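K.L.:
So that we are looking at the same thing, I have put the structure below in structure tokens.
The values are calculated or read from the model by the stated rules, or taken from the named source; none is laboratory data. From a predicted model like this one, the values you see are computed outputs, not experimental measurements. All Cβ positions, glycine included, derive from the backbone under ideal geometry; neighbour counts span all protein chains shown.
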Amino acid sequence: MPAAVAALFFTLFSYYGPVNQFMVRAGFLPEAVHYLQNPTITRSIVVFIQWWMWFGQTVIIVMAGMTAIPTSLYESAMVDGANAWQMFQRITLPLLKPILIYIFVTSLVGGMQMFDIPFLLTDGRGSPSGSILTNNMLMYLKFSSNRGHIGSAASVGVLIFIMTTVIAIGIFYFLGERDTVERKKRVVNNK
């Protein structure tokens with residue numbers, strides 16, 4: 001699927017593609033633009049493609065988590081006089097934390113492994129000006145070069161692992177259950 005999506009967007013944003021034809025014929029641009037040779041536009045296209053490809057799955061997971069929250073919690077909060085923001089902050093968000101951790105960590109891992117869309121969308125070297133060169137593309141380029149810098153490719157792989165681990169630990173720390181730890185401390189101090 002990523003190959004087909006990359007081919008689709010490459011065709012859409014090519015110099016003679018439908019986006020350029022529409023923009024010129026509608027009068028928005030005086031002449032066609034090389035979209036995939038502009039670093040900012042190329043990055044934006046890659047970001048949009050990744051968002052578009054994974055948005056549906058993320059929404060399904062979040063919706064599954066929200067439907068698992070018992071409605072009785074919201075009913076009792078309304079009886080106690082809570083408004084919508086308080087219910088979101090005190091009920092919905094805490095009960096969705098495990099799902100949000102899962103989504104953030106899997107998105108992080110997917111982002112760190114991103115290779116196919118940037119590789120297929122451009123010349124395979126992260127052009128223009130290396131603006132969409134990902135870690136995995138760098139690892140591939142080091143490994144597949146004429147001299148086969150296997151050590152350099154392996155070191156990039158280790159750095160990807162370390163970066164993913166550190167950021168995942170940060171996600172667990174910031175979204176973890178601090179209330180449980182604080183409650184345990186209070187229980188221990190009260191004894």
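K.L.:
What number goes with the only condition from (1) modelled with pLDDT under 90; (2) farther than 25 Å from Val47 by Cα; (3) within 18 Å of the chain's Cα centre (by Cα) that Pro98 does not pass?
P.N.:
(1)
K.L.:
Also, quick follow-up: Looking at Thr92, is it exposed (fewer than 15 other Cβ atoms within 10 Å of the Cβ) and over 30 Å from Gly157 (Cβ atoms)?
P.N.:
So Thr92 fails the test.
K.L.:
Determine whether Ser107 is of a type in the set (Ser, Thr, Tyr), in a helix (DSSP H, G or I) and surrounded by 14 or more Cβ atoms within 10 Å (Cβ to Cβ).
P.N.:
So Ser107 fits the description; yes.
K.L.:
A further question follows. Search the range 49-64 for residues that are within 17 Å of Leu120 (Cα to Cα) and pair each with any residue that is of a type in the set (A, V, I, L, M) and outside any helix (DSSP H, G or I) when their beta-carbon atoms are under 8 Å apart and the residues are at least 6 apart or on different chains.
P.N.:
Gln50/Met114; Met53/Met1
K.L.:
What number goes with the only condition from (1) in contact (Cβ under 8 Å) with a residue 40 or more places away in the chain; (2) farther than 21 Å from Thr164 by Cα that Leu100 does not pass?
P.N.:
(2)
K.L.:
Separate question: Sort through Lys142, Lys97 and tell me the only one that's closer than 30 Å to Phe10 by Cβ and of a type in the set (Lys, Arg).
P.N.:
Lys142
K.L.:
Between Ile49, Ile45, Ile61, which is within 30 Å of Arg90 (Cα to Cα) and in contact with a Phe, Trp or Tyr (Cβ under 9 Å, 6 or more places away or on another chain)?
P.N.:
Selected residue: Ile61, the only one of Ile49, Ile45, Ile61 that is within 30 Å of Arg90 (Cα to Cα) and in contact with a Phe, Trp or Tyr (Cβ under 9 Å, 6 or more places away or on another chain).
K.L.:
Go through the range 18-37 and count every residue that is touching a residue at least 12 places away in the same chain (Cβ under 8 Å) and buried (at least 16 other Cβ atoms within 10 Å of the Cβ).
P.N.:
Number of matching residues: 5.
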